[in-house]
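Novice: Pasting a structure below so you can have a look.
Read the figures in this text as sums done on the coordinates, not as results from a lab. Fair warning: this is a prediction, and the values are worked out from it, not measured in the lab. No Cβ is skipped: glycine too gets one built from the backbone with ideal geometry, and neighbour counts run over all protein chains shown.
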Amino acid sequence: MNVLRRHPVAIALVVLLLLTAIHPLPALVDAVTGSAPGDADLDRPILYVMFAPLSDTLDALTFFSLSRAVWAVVVWTLLLAAWGAVRASSDSLRWQRVVATASLGPAALVLLVVAALVLPRPVPRLASDGPGTVIDYHAHTNASHDGRPGWTLPKLAAWHERQGFQATYVTDHNVVYDGSLPPEGISISLLPGVEWSVYRQHVVAIGRVEALPRDSFGETTARMVRIFSAIEHQGGLSIASLPEYWRNHAEELGAFAVAGVDGFEIVNCAPKALGFPSDLRRQVIGLAESRDLMVVGASDNHGWGQVTCVWNVSRPGAQGFHTNRVFARPLALVQGDWRAWTAPITQPWFTLRGLSWSERASWLTWVVIILLYRALPRREGQSAGLGILARSVFRGRKAAAAAPAPNKNPT
């Protein structure tokens, strides 16, 4: 009871780790069927599992929809600041110290967010036994206006290779990548493509396409959808990107199909697109199946963040509904099904439910280690250590130092 009273956070975390193990989420979900694939899984590096609390926390911060991220950061900042202020004020510290202590929690949260965006670290990779190529249909370099500075083709390729991709289309904003001169030392295939910005819609064109007069596809939806036939005339495939068709054309997707679109993104890892609701995803999947159109997943990588939320296993260049399979992280798929204000609670909950058994064991191990460090007694003024063990070690050293030196010249 004394441990429970003095260390409620650690005890609550142990309870949550055990509770969420009762009904865990699969590592991957087939975005079309909603079930766990039998021929694909995530391969987690040893260091990723060893430091699972940090790895999973950074993943959880990466897989936020924009609205849920805002709620989570604001609420967690306020709670951490209040907790720090209460703890500091209970120790009768001066107000300057109280403010400084209250700032520690929010500062740590900011550091975690920055780490999720830029910190190099081990990441899971897709391991698939099924036929086909592991591919990304939508990714950017610094050639895009919103690409990360210095995010070159080799860095984009290395980012994909670490996560099990064998190929990616390079689809910079309104800048055609023709794939004719790939950089040396690239370990995966960089395929030609572009992302066109037209009237209230982004259209990913893949294949050896050429520049288009984008002004010809502006002002109205009726003019915009003509871009699909223009891309087809060049020999490319057109894919309607998220979140634009969801935000701006949800009632007009039938017109997209009639005009000749070749497919739809149904999962996109960008924060603005992760809020795509599952009921609309099912509608798009139904439309695509009835019209024999592709459905794809997109990392939409711009150089920020170290992990993807989605992989495709497909036959490049093939068309039709059954030529591509989309495997997604469940934490990304639930972003559109829960109200934004629930994010401070539901994001940790789904993160813990999505742990593998090895990750869960790592979490429990770290909790126990930290709990032992904090709970076992130490003498006042003694340097940090594992409680009674540290006390006995340091006491032994002090006793040895205080003992008189042996008489080397006995008379």
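Novice: Please return the longest stretch of the chain lacking exposed loop sites, where trypsin sites (Lys or Arg not before Pro) count only if DSSP places them in a loop and at most 13 other Cβ atoms lie within 10 Å.
Specialist: 95-338
Novice: Most exposed first by the Cβ proxy, i.e. fewest other Cβ within 10 Å, how do Phe63, Phe264 rank?
Specialist: The fewest-first ordering by Cβ neighbours comes to Phe264, Phe63.
Novice: Give me a comma-separated list of calculated 3J(HN,Hα) values for the stretch 14-21, in order, Karplus coefficients 6.51, -1.76, 1.60 applied at θ = phi - 60°, integers in Hz, x for any Gly or Pro.
Specialist: Along the stretch 14-21, the couplings run 4, 4, 5, 4, 6, 5, 6, 6 Hz.
Novice: Describe numerically, in nm with one decimal, the distance between label points set 7 Å from Cα along Cα→Cβ at Asp337 and at Gln283.
Specialist: Distance between the two pseudo-spin positions: 1.8 nm.
Novice: Another question, if that's okay. Report the calculated FRET efficiency for Arg247 and Ala375 (r = Cβ-Cβ distance, R0 = 45 Å), to the nearest 0.05.
Specialist: Calculated value: 0.35.
Novice: Set Lys and Arg Cβ to +1 and Asp and Glu Cβ to -1, take the dipole of the chain about its Cα centre, and tell me which of Leu191, Val267, Leu372 lies farthest positive.
Specialist: Value: Leu372.
Novice: Between the stretch 118-195 and the stretch 298-363, how far is it from one alpha carbon centroid to the other, in angstrom?
Specialist: If we compute the Cα centre of each part, the gap is 18 Å.
Novice: Calculate log10 I(q)/I(0) of the stretch 131-182 for q = 0.30 Å⁻¹, where I(q) comes from the Debye formula with a single equal point scatterer on each Cα and nothing for solvent.
Specialist: Here the Debye-derived log intensity ratios amount to -1.30.
Novice: While we're here: How far, in degrees from 0 to 90, does helix 278-291 lean away from the longest principal axis of the Cα atoms of the chain, to the nearest 10?
Specialist: So the helix axis and the longest Cα principal axis differ by about 30 degrees.
Novice: Residue farthest toward the positive end of the dipole of the stretch 125-336, with Cβ of Lys/Arg at +1 and Asp/Glu at -1: which of Phe256, Phe228, Phe321?
Specialist: Checking the options against the dipole of the stretch 125-336, the answer is Phe321.
Novice: Compute the distance in nm between two label points, each set 7 Å from the Cα along the Cα-to-Cβ direction, one at Ile22 and one at Leu79.
Specialist: Placing both labels 7 Å along Cα→Cβ, they lie 2.1 nm apart.
Novice: Using Cβ contacts closer than 10 Å as the measure, can you line up Thr171, Thr77 from fewest to most?
Specialist: Least crowded to most crowded, the residues run Thr77, Thr171.
Novice: Work out from phi, with θ = phi - 60° and the Karplus expression 6.51 cos²θ - 1.76 cosθ + 1.60, the ³J(HN,Hα) of each residue of the stretch 226-239, listed in order in whole Hz, and give x for Gly and Pro.
Specialist: Each residue's phi maps through the Karplus curve to give 5, 5, 5, 6, 5, 5, 4, 4, 7, x, x, 10, 10, 10 Hz.
Novice: Right, something else. Whole number please: convex hull volume per residue, Cα atoms of the stretch 321-371, in Å³.
Specialist: Considering the Cα atoms of the stretch 321-371, their hull volume per residue is 95 Å³.
Novice: Can you give the helix-only mean residue ellipticity at 222 nm for the chain, where every DSSP H stretch with n ≥ 4 adds -39500 (n - 2.57) and the sum goes over all residues, rounded to the nearest 500 deg cm²/dmol?
Specialist: Here the helix-only value at 222 nm equals -13500 deg cm²/dmol.
Novice: Round to the nearest 0.05 the FRET efficiency obtained for Glu219 and Val368 when R0 = 41 Å and r is the Cβ-Cβ distance.
Specialist: 0.05
Novice: Under 1.5 on a/c is rounded, so check that first for the stretch 1-151, then, if it is not, pick prolate when a/b is larger than b/c and oblate when it is not; a ≥ b ≥ c are the square roots of the alpha carbon gyration tensor eigenvalues.
Specialist: Oblate, since a/c reaches 1.5 and b/c is not below a/b.
Novice: Take Ile345 and Leu117, extend 7 Å from each Cα along the Cα→Cβ direction, and tell me the distance between the two endpoints in nm.
Specialist: Placing both labels 7 Å beyond Cα along the Cβ direction yields 2.9 nm.
Novice: Okay, moving on. Quick one: dipole size for the stretch 125-336, taken about the Cα centre, charges +1 on Lys/Arg Cβ and -1 on Asp/Glu Cβ, in debye to the nearest 20.
Specialist: Magnitude of the dipole: close to 380 debye.
Novice: As a footprinting exposure proxy, order His160, His7, His140 by other Cβ within 10 Å, with the fewest listed first.
Specialist: Fewest-to-most Cβ neighbours within 10 Å comes out as His7, His140, His160.
Novice: What angle do you read, to the nearest 10 degrees and between 0 and 90, between the alpha-carbon axis of helix 357-375 and the longest principal axis of the chain?
Specialist: Once rounded, one gets 30 degrees.
Novice: How large is log10 of I(q)/I(0) for the chain at q = 0.07, 0.09 Å⁻¹ when the intensity is taken from the Debye formula with one equal scatterer per alpha-carbon?
Specialist: Results for the chain at q = 0.07, 0.09 Å⁻¹ read -0.42, -0.63.
Novice: Just Val261, Val15, Val175 to compare: in a GNM of the chain, with alpha carbon springs under 10 Å, which one fluctuates most?
Specialist: Evaluated over the chain, the most mobile residue of the options is Val15.
Novice: Averaging over all projection directions, find the projected area of the Cα convex hull of the stretch 125-336 and quote it in nm² with one decimal place.
Specialist: It is 10.8 nm².
Novice: Could you tell me the calculated FRET efficiency between Thr33 and Ala107, based on Cβ-Cβ distance and R0 = 35 angstrom, to the nearest 0.05?
Specialist: The formula returns an efficiency of 0.20 here.
Novice: A further question follows. Magnitude of the Cβ-charge dipole of the chain, K/R +1 and D/E -1, about the Cα centre, nearest 20 debye?
Specialist: 2920
Novice: Of Ile266, Ile11, Ile206, which is the most mobile in a GNM of the chain whose springs link Cα atoms less than 10 angstrom apart?
Specialist: Of the options given, Ile11 has the highest mean-square fluctuation.
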